[in-house]
Structures are given as structure tokens and as C-alpha cells.
Amino acid sequence: MPAMSESARTLFATAIGEAEQTALLLDSAGKPLAGSYIDQRGRDISAEVGAALSGVSTEVTRSMRLLSIGGWTAVVVETDTATIALAPASREAVVLLASSLTVPLGLVRRVLTRSVVLAINWMRGRA
């Protein structure tokens, strides 16, 4: 896999600021297109996270259709170690935001919204 450009890797820096958060733009196969996910040892695990989440957008879309509750705009899940938020940036891409449990949910949603806007604008610039 070719190395991600610095501008792609730092795409979400302005949205995240100093908060304990990280963001990725993933394609439908889970391949990281932008952003980074650095683990506690300082390793970039973006590809591993993307692989684990490949297909999530498809499953959420399918579930929403089966439940007849419209299109999806975001999914937020609180785990024992982090808050994970996902939102579609296009039909083929999703933004993942992982936040420390100390980050308020309102800020998580606000940063997710900003990150989606950044992702959409970035993808349009690439076309």
C-alpha cells in the first residue's frame, strides 16, 4: 500500500484540535484514505482498524433499510476504553472518530460533523 501523503494524514487535525481523539477516512473496503490512528505504543494502526471495520457502513445501511427508519447519519458507540463514532462521508467512504471517554459526547458529535465536512471537501478536491 503506498504511503499516505502528509496532507491526507493530517486532514482532521483542525477538527480534532487538542482533544484526545483520532479520525480516519475509510473506503468501503476499510482502506484508510486519510487521517491516522496511533496506538499507545506510537504505531499507526489505521490499516488494522480499517480492516476490522470494513463493511460496517454497508451493514448499518442495510439495518436502517430493514427497520424502515431512513438513511443513517451517525453511529456512536461507547466502549470500556473509548467512544467510537462513525458517519458516512459518501456512499463509498466513512469517517471514524475514536475519542477518549473523557471527551463529552456533544464534542464527539461536533468533531465528527466537522470531520465529515473536511472529508467530503478533500474527496471532491481529489476527483
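The values are calculated or read from the model by the stated rules, or taken from the named source; none is laboratory data. Note that this is a predicted model, so its numbers are computed, not measured. Because the Cβ atoms are built from the backbone with ideal geometry, glycine has one as well, and the counts that use them run over all protein chains shown.
Scanning segment 37-62 for residues that are surrounded by fewer than 14 Cβ atoms within 10 Å (Cβ to Cβ), free of Cβ contacts under 8 Å to residues at least 24 places away in the same chain and not basic (Lys, Arg) yields 38, 39, 40, 42, 52, 59. Is it the case that residue 6 is over 17 Å from residue 99 (Cα atoms) and of a type outside the set (Phe, Trp, Tyr)? Here the answer is yes, as residue 6 does meet what is asked.
If you check residue 115 against the conditions, is it surrounded by 12 or more Cβ atoms within 10 Å (Cβ to Cβ), over 15 Å from the mean Cα position of the chain (by Cα), under 18 Å from residue 28 (Cα atoms) and not β-branched (Val, Ile, Thr)? Against the criterion (surrounded by 12 or more Cβ atoms within 10 Å (Cβ to Cβ), over 15 Å from the mean Cα position of the chain (by Cα), under 18 Å from residue 28 (Cα atoms) and not β-branched (Val, Ile, Thr)), residue 115 does not qualify. Residues in segment 4-60 that are touching a helix residue (DSSP H, G or I) at 6+ places or on another chain (Cβ under 9 Å) and of a type in the set (Val, Ile, Thr) were compared, and the one that is farthest from residue 112 (Cα to Cα) is 38. Scan segment 68-85 residue by residue and report those that are aliphatic (A, V, I, L, M) and either outside any strand (DSSP E or B) or loosely packed, with under 11 Cβ neighbours inside 10 Å (or both). Within segment 68-85, 69, 74, 77, 82 meet the criteria. At least 2 residues being touching a strand residue (DSSP E or B) at 6+ places or on another chain (Cβ under 6 Å) is the threshold, and among the helices (runs of 4 or more DSSP H) wholly inside segment 1-60 those reaching it are 46-53.
Can residue 28 be described as surrounded by 14 or more Cβ atoms within 10 Å (Cβ to Cβ) and among the polar types (S, T, N, Q)?
Yes: the conditions hold for residue 28.
Within the option set 88, 104, being over 14 Å from the mean Cα position of the chain (by Cα) and not small (Gly, Ala, Ser) holds for one residue only, 104. All of (1) more than 22 Å from residue 10 (Cβ to Cβ); (2) modelled with pLDDT under 90 hold for residue 49 with one exception: (1).
The listed residues are 114, 65, 109, and the only one of them that is assigned to a helix (DSSP H, G or I) and free of Cβ contacts under 8 Å to residues at least 12 places away in the same chain turns out to be 65.
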